[in-house]
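Before any comments, here is the structure.
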Amino acid sequence: MNVSRRWLRAVAPGLDLSAGEIAARLAMRGAPVEGITDLAAEIAGVVIGRVERVRRHPDADRLSVCEVDGGNGTVQVVCGAPNVRAGACYPFVPVGAVLPGDLRIKRVRIRGQESRGMLCSARELGLGTDHRGILELAGQFDPGSPFAPTVGLDDHRLDVEVSPNRGDLLSHVGVARELVGEGGIRLADLPGAVEHELTVRTGSPAVDGASARVRIDDPRQCWRYMAAVVRGVRVGPSPEWLASRLRAAGAHPINNVVDATNYVLLELGQPLHAFDLARVAGPEIVVRGARGGETVRTLDGERRELDEGMLLICDPERALAIAGVMGGSESEIGEGTTDVLLECALFNPKGVRAVRRALGMSTDASHRFERGVDPAGLERAIRRTVSIIVATAGGEPAPTLLDACPRPWRAPVVTLRPERVGQLLGVGFDTGDIVKLLEPLGYRCRLAAGAIEVTVPGHRSYDTLREVDLVEEIARVHGYDRFPDSLGAFRPGTVPDDPLLRLHDRLRTILVGRGFLEAHTTAFAPAEEGEVEVLNPVSAEESHLRRTVLFGLLHAVEHNFARGAADIRLFDMGAVFGAGGSGGLPRETNRLAIAMTGRRRPHHWSAADRPWDEWELRGLAEELVAAVLPGECSAEPGTFDSTFFEEGYELLLRAADGSVVGGAGKVRADRVDAPVWAGPVWGLELELGDGVRRRPDPAFRPLPAFPAVERDLALLIPDSLPARQVLEFLERGGGADLAGVSVFDLFRGGDVPDGSRSVGFRLRFQSGRRTLTDKAVDRAVRRLIQRLKEEFGVEPRAGAADSGR
Amino acid sequence: MSEAGSLVDELRALEREARDAITGTSDPAALEQVRVAFLGRREGRVSRILRQLGGLGPEARPAVGAEANRVKQVLRGALEERERRFARERADTDTPARDLTLPGRDRWRGARHPVTLVVDEICDIFARLGFTRARGPEAETEWYNFVALNTPLDHPAADEQDTLYLKGGGLLRSHTSPVQIRILEQYRPPVRILAPGPAYRRDTWDATHAPAFFQIEGLAVDEGITFVDFKATLSEFARRFWGPGTRVRFRPGYFPFTEPSAEVDVKRRVVGADGSVEETAWLEVMGAGMVDPAVLDNVGIDPERYSGWAFGMGPARIAMLKYGISDIRTLYENDIRFLSQFA
């Protein structure tokens, strides 16, 4: 809402605050000011210029050569505006002055004619968007006098942010009420405006009079419709006081009739519409729902197709306007209009909202109707509009105001318990305090047994309907800053710390310790990377919800490749989405992904660099799975997501119960746009579940009292036999004293036959009951060798550093 | 026999020690030292034990001898393996003198995302004020995202958050506030929770907007919770997060699910290099308020008995203020030059 400070002072004569002070006070009342514009500052160099003579430019059809009196004698100015005419006054920028945007006016020649200055349009002065011609001022002014104060622009415009519940603040009177209270508001007399003796004739659903008729067919959507008729107007430009006030509030003057309705909209918050009475058949106004296939051409020139039931303002023959949203061009006020029918209505906010959303438009009127227009303010608004029209456009008002009112408004009454105020706010307010806080805003308080009966004024009747709403009003008017902020005692809550977020903490600690950087990717993905589609996406790249987290990380890897980074280690945790969850929602699960490429460590002068490889990946994968899930987890060759990993470099990660929880591998070349110098990219994706299944607390095992004995065993294993099978066989078959088996060496070549490799296993024997003798251990190893031979046909490598004896 | 037994034990201990020493070497010179120390003909520790063989009885001699030979063999193997490794790693470390001014061996340094740093810090402070963390789904229904939060879909307040809808039903939550409903449905008061997580709006990317952004929801519901508790707890948090001299301002605001509602601003004290103290401008840091009784009603909690307060905070914005980041897109590019700055 754009508010003019001069206008505010006009409706609140006691308001003696600067723009900055007003902003500070509004902020503490819940309506912060986003910006303050000093309307005069940017156009300080602009003066009034009167055009004395105009002649056609000898060498250009569209240009005129004008003699302009800018106060310092007459100068020649070349002008391109079609509307320039002799005798009129315009904003004029003499040579040397500056326009908004730091444009300094110089002496120039245009097509051979000298030009010393510039006549301006509203847009060039930052006063609006109108650029059809230069801004002609209505009336005569002293040439050379400063433009801004002469036309009332020595003013500040405040951009007030109004929350959706405060429709009452969408007017100068509403903002002023918040600043000075109801008692400080006075509607200023306007030049030439007088109160006319008009009588209201009320009826429902139809009412006659003033040789016109109003009928409401849809009282659910139209709660009240007032109409006035003014005959014999002369449509023309508004006087400067009216035009400049509109400009100061950011609106564009159109003509004296329309400007009067806009003036009242901005002053009182009541949208009004003026129809050319000659274009209203009957004349009769019918407020009804649209019929199927009906259309109306709105003021912006668009032909709008209407859905059945959308509320229209019609005459008996056709639709004239979309109720509460926009007027129609066929009944628009124009130069030839002599008789005017004024509409001042109250529409159902929800209906207006539904229609304007369906039509994809929003206007000053619909914005206010949606947020609630004061149901008690219609008569004042239509009377003031009639006065202004008669003052600026002449004519004679019909003596009857029509008032179709199927739903008379009654002020809501809310019961307020003073002890409830204290219970919620933590500070007690007695009845007298409460009355003093509420009444300036228009609430009327009546004391009843142990409570206050509060009558809510019309302008707050949409959002203050409950006791708690009044409690907020009391806190707001008292001032939030006046409540103490000493911390009291509290009881601990019943909600346990979320297990998944705790798991996130543990995983971050592990991965950050391993040198990984936490990335933040979003849940969006293009179509090929997701199953769940967004109905109204921001872009094609973000048209779906991701199926994997790794996809986004690989994007991040590409981003870093493109900036020359070769050593990249990233991880992220987040939700992924699939079709078919419960309750009509997608299936949502939580995952971790990592991606890494380049060297394992930063280069050091003492050693050669080593890149990440499958063994690093596998080790990390097992560590992460173990951190996520209880029990023994495993990794084995297999396909988790064939679209990511290269065949032969894929690992399937399994939980102890055998379920697949993720995959890891070397990312396929076609999945990452990598520069030639880049190393392979390794990736991992792991289901995190909900973090509830955790590994149990460790059960302490007494430390071994007897020494361990180790034996190394190098076995020739054919390539067709996975080493894991041999390893598991050794673990299972080594007897009760075998405490562990590890792989310590892998060797090919030399005396090892082709198609086989030598795998060195280190067997660790230890007993909890006795010191193992070499004999016993050797016997166990010999037995193992024998069974390996039988099971796999595997033999120890001759001459290797084994001690199997 | 016991003498033989202790020699065997000694040999095994030596074997372990020698193996560790071998794997601990970083260059051939060190490896040679280890070889001499253990297997050197005169002073080697294994050779010394072999020399004691003569003093043993004939029954004990073979056992100790065999063990000594085994250990020698194992160690020779390990030495060779280590030598082969050094040969492979063409290490050019032949500098005769040690120069400790040379840089040490660095490791990659990992880092949490700056938004995580802020989320963790906020959650830590609130944990000390008795809050636990909670979570809810990111794909939500209109009931949880709007209606249960006292935001009718035909009210202009629903426009303030331009929502992303999903084909097949549901929407992406436009704030973390649905977690309030999810938690209050599941747990009875007293409830003191913080719900960090992503939220989504139909915003196009620019310097201050992202279609996906982090939010932290806070909620306290119990008997006797008042506006004073609300102000006190959030002020306490602000002073712990932004420093003791921080001023906190509560302005009236509007959210459909809180009544009274507030916007919370902070003004920080900044100590300059010369010791001078300056105050920043007021910074808007959260939207908050007392839980609207309609919300409590919607989850079956009696608003006459219980009351509460809630807030929503944007840790991305707070991270940007804290670390001096001017463009929100920087947080989502995942440029490692950026992320490494938070190590």
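The values are calculated or read from the model by the stated rules, or taken from the named source; none is laboratory data. Small disclaimer: the values here were computed from a predicted structure and weren't measured. Every residue, glycine among them, receives a Cβ derived from its backbone with ideal geometry; neighbour counts consider all protein chains shown.
Each row is one residue, and each column tells you yes or no for (1) in the same structural domain as A:Arg297 (by TED's automatic domain parsing); (2) hydrophobic (A, V, I, L, M, F, W, C); (3) surrounded by 16 or more Cβ atoms within 10 Å (Cβ to Cβ).
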position: A:Ser329; (1), (2), (3): yes, no, yes
position: A:Leu342; (1), (2), (3): yes, yes, yes
position: A:Met361; (1), (2), (3): yes, yes, yes
position: A:Leu378; (1), (2), (3): yes, yes, yes
position: A:Val386; (1), (2), (3): yes, yes, yes
position: A:Thr392; (1), (2), (3): yes, no, yes
position: A:Pro397; (1), (2), (3): yes, no, yes
position: A:Pro418; (1), (2), (3): no, no, yes
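Given (1) within 9 Å of chain A (Cβ to nearest Cβ); (2) at pLDDT below 95; (3) part of a loop (DSSP other than H, G, I, E, B), where does B:Asp159 come up short, assuming only one miss?
(3)
Which one of the conditions (1) buried (at least 18 other Cβ atoms within 10 Å of the Cβ); (2) facing chain B (nearest Cβ under 8 Å) does A:Asp463 fail to meet, given that it meets all the rest?
Failing condition for A:Asp463: (2).
Residue under question is B:Val34, and the condition is that it be touching a helix residue (DSSP H, G or I) at 6+ places or on another chain (Cβ under 8 Å), of a type in the set (Val, Ile, Thr) and at pLDDT 85 or above; does it hold?
So B:Val34 fits the description; yes.
Could you pull out the residue among B:Arg201, B:Arg249 that is closer than 30 Å to A:Val471 by Cβ and not hydroxyl-bearing (Ser, Thr, Tyr)?
After ruling out the rest, the residue left standing is B:Arg249.
Could you check segment B:43-64 and list, in sequence order, the residues that are part of a helix (DSSP H, G or I) and surrounded by 15 or more Cβ atoms within 10 Å (Cβ to Cβ)?
Step one: of segment B:43-64, the residues part of a helix (DSSP H, G or I) are B:45-55, B:60-64.
Matches in segment B:43-64: B:Arg45, B:Val46, B:Ser47, B:Ile49, B:Leu50, B:Leu53, B:Ala60, B:Ala63, B:Val64.
Out of all the residues in segment A:13-24, which are within 18 Å of A:Asp168 (Cα to Cα) and modelled with pLDDT under 95?
Those that are within 18 Å of A:Asp168 (Cα to Cα) and modelled with pLDDT under 95: none in segment A:13-24.
Determine which single condition B:Lys167 fails, assuming it passes every other condition in (1) free of Cβ contacts under 8 Å to residues at least 60 places away in the same chain; (2) more than 9 Å from every other protein chain (Cβ to nearest Cβ).
Failed condition: (2).
Being touching a helix residue (DSSP H, G or I) at 6+ places or on another chain (Cβ under 7 Å) and over 23 Å from A:Glu528 (Cβ atoms) is true for just one of A:Leu629, A:Leu592, A:Leu653. Which residue is that?
Answer to the check: A:Leu653.
Would you call B:Arg85 closer than 23 Å to B:Arg16 by Cβ, free of Cβ contacts under 8 Å to residues at least 12 places away in the same chain, surrounded by fewer than 19 Cβ atoms within 10 Å (Cβ to Cβ) and more than 10 Å from chain A (Cβ to nearest Cβ)?
yes
Every residue in segment B:138-175 that is surrounded by fewer than 22 Cβ atoms within 10 Å (Cβ to Cβ) and either over 28 Å from A:Val352 (Cα atoms) or among the charged types (D, E, K, R) (or both), please.
Matches in segment B:138-175: B:Glu142, B:Asp154, B:Asp159, B:Glu160, B:Asp162, B:Lys167, B:Gly168.
Take the residues in segment B:303-342 that are within 8 Å of chain A (Cβ to nearest Cβ) and touching a residue at least 24 places away in the same chain (Cβ under 8 Å), then tell me which one is surrounded by the fewest Cβ atoms within 10 Å (Cβ to Cβ).
Ranking the qualifying residues of segment B:303-342, first place goes to B:Ser340.
Could you please let me know if A:Val413 is under 30 Å from A:Val471 (Cβ atoms), surrounded by fewer than 16 Cβ atoms within 10 Å (Cβ to Cβ), touching a residue at least 12 places away in the same chain (Cβ under 8 Å) and not aromatic (Phe, Trp, Tyr)?
In short, yes.
Can you list the helices (runs of 4 or more DSSP H) found entirely within segment B:266-343 that contain at least 1 residues being over 30 Å from A:Leu424 (Cα atoms)?
B:315-323, B:330-333, B:336-339
Give the residues of segment B:114-128 that are buried (at least 17 other Cβ atoms within 10 Å of the Cβ) and farther than 23 Å from B:Ile328 by Cβ, sorted by residue number.
Correct list: B:Ile125, B:Phe126.
Name the single residue that is surrounded by the most Cβ atoms within 10 Å (Cβ to Cβ) among those in segment A:477-514 being assigned to a helix (DSSP H, G or I) and facing chain B (nearest Cβ under 7 Å).
Looking at residues that are assigned to a helix (DSSP H, G or I) and facing chain B (nearest Cβ under 7 Å), I get A:Leu511.
Going by what's in this entry, would B:Tyr187 be described as farther than 22 Å from B:Ile318 by Cα, within 7 Å of chain A (Cβ to nearest Cβ) and among the aromatic types (Phe, Trp, Tyr)? Spell out how you get there, then give the answer.
Numbers: farther than 22 Å from B:Ile318 by Cα: yes; within 7 Å of chain A (Cβ to nearest Cβ): yes; among the aromatic types (Phe, Trp, Tyr): yes.
Taking the combined requirement at face value, the residue satisfies it.
Among the candidates A:Asp719, A:Asp754, A:Asp712, A:Asp745, which residue alone is out of contact with any Leu (no Cβ under 9 Å at 6 or more places or on another chain) and within 26 Å of B:Ala66 (Cα to Cα)?
That would be A:Asp745, the only listed residue that is out of contact with any Leu (no Cβ under 9 Å at 6 or more places or on another chain) and within 26 Å of B:Ala66 (Cα to Cα).
Residues that are among the acidic types (Asp, Glu), farther than 18 Å from B:Tyr332 by Cα and touching a residue at least 12 places away in the same chain (Cβ under 8 Å), at least 1 per element: which strands (runs of 3 or more DSSP E) completely within segment A:515-612 meet that?
A:530-533, A:587-597
Looking at this structure, is A:Asn83 at pLDDT below 90 and farther than 21 Å from A:Arg132 by Cβ?
Taking the combined requirement at face value, the residue does not satisfy it.
Out of all the residues in segment B:171-178, is one or more among the small types (Gly, Ala, Ser) and not in a loop (DSSP other than H, G, I, E, B)? Steps first, answer last, please.
Step one: of segment B:171-178, the residues among the small types (Gly, Ala, Ser) are B:174, B:177.
Going one step further and asking which of them are not in a loop (DSSP other than H, G, I, E, B), we end up with none.
No, the conditions are met nowhere in segment B:171-178.
Quick one: how many residues across segment A:721-776 are under 13 Å from A:Arg711 (Cα atoms), among the aliphatic types (A, V, I, L, M) and in a helix (DSSP H, G or I)?
2
Does B:Arg107 satisfy being at the interface with chain A (Cβ under 9 Å from one of its Cβ atoms) and under 30 Å from A:Phe744 (Cβ atoms)?
Working: at the interface with chain A (Cβ under 9 Å from one of its Cβ atoms): yes; under 30 Å from A:Phe744 (Cβ atoms): yes.
For B:Arg107, the condition - at the interface with chain A (Cβ under 9 Å from one of its Cβ atoms) and under 30 Å from A:Phe744 (Cβ atoms) - is met.
Between A:Asp259, A:Asp307, which is outside the structural domain of A:Ala19 (by TED's automatic domain parsing) and under 32 Å from the mean Cα position of the chain (by Cα)?
After applying the criteria, what remains is A:Asp307.
Quick check, is B:Arg35 more than 11 Å from chain A (Cβ to nearest Cβ) and basic (Lys, Arg)?
yes
Which of the residues belonging to segment A:20-52 are over 30 Å from A:Gly70 (Cα atoms), without any contact (Cβ under 8 Å) to a residue 60 or more places away in the chain and small (Gly, Ala, Ser)?
A:Gly20, A:Ala24, A:Ala27
Where residues in segment B:163-190 are touching a Leu at 6+ places or on another chain (Cβ under 6 Å) and among the hydrophobic types (A, V, I, L, M, F, W, C), which of them is nearest to A:Pro496 (Cα to Cα)? Lay out the reasoning, then the answer.
Initial filter on segment B:163-190 (touching a Leu at 6+ places or on another chain (Cβ under 6 Å)): B:163-165, B:167, B:170, B:172, B:177, B:180.
Subset that is among the hydrophobic types (A, V, I, L, M, F, W, C): B:164, B:172.
On the way: B:Leu164: 31, B:Leu172: 25 Å.
The qualifying residue nearest to A:Pro496 (Cα to Cα) is B:Leu172.
Taking segment B:123-143, which residues are more than 30 Å from B:Arg239 (Cα to Cα) and either more than 10 Å from chain A (Cβ to nearest Cβ) or among the hydrophobic types (A, V, I, L, M, F, W, C) (or both)?
Once the filter is applied, which keeps residues that are more than 30 Å from B:Arg239 (Cα to Cα) and either more than 10 Å from chain A (Cβ to nearest Cβ) or among the hydrophobic types (A, V, I, L, M, F, W, C) (or both), segment B:123-143 yields B:Ala139, B:Glu142, B:Trp143.
Could you grab me the full set of residues in segment A:522-540 that are at the interface with chain B (Cβ under 10 Å from one of its Cβ atoms) and more than 19 Å from the chain's Cα centre (by Cα)?
A:Glu531, A:Val532, A:Glu533
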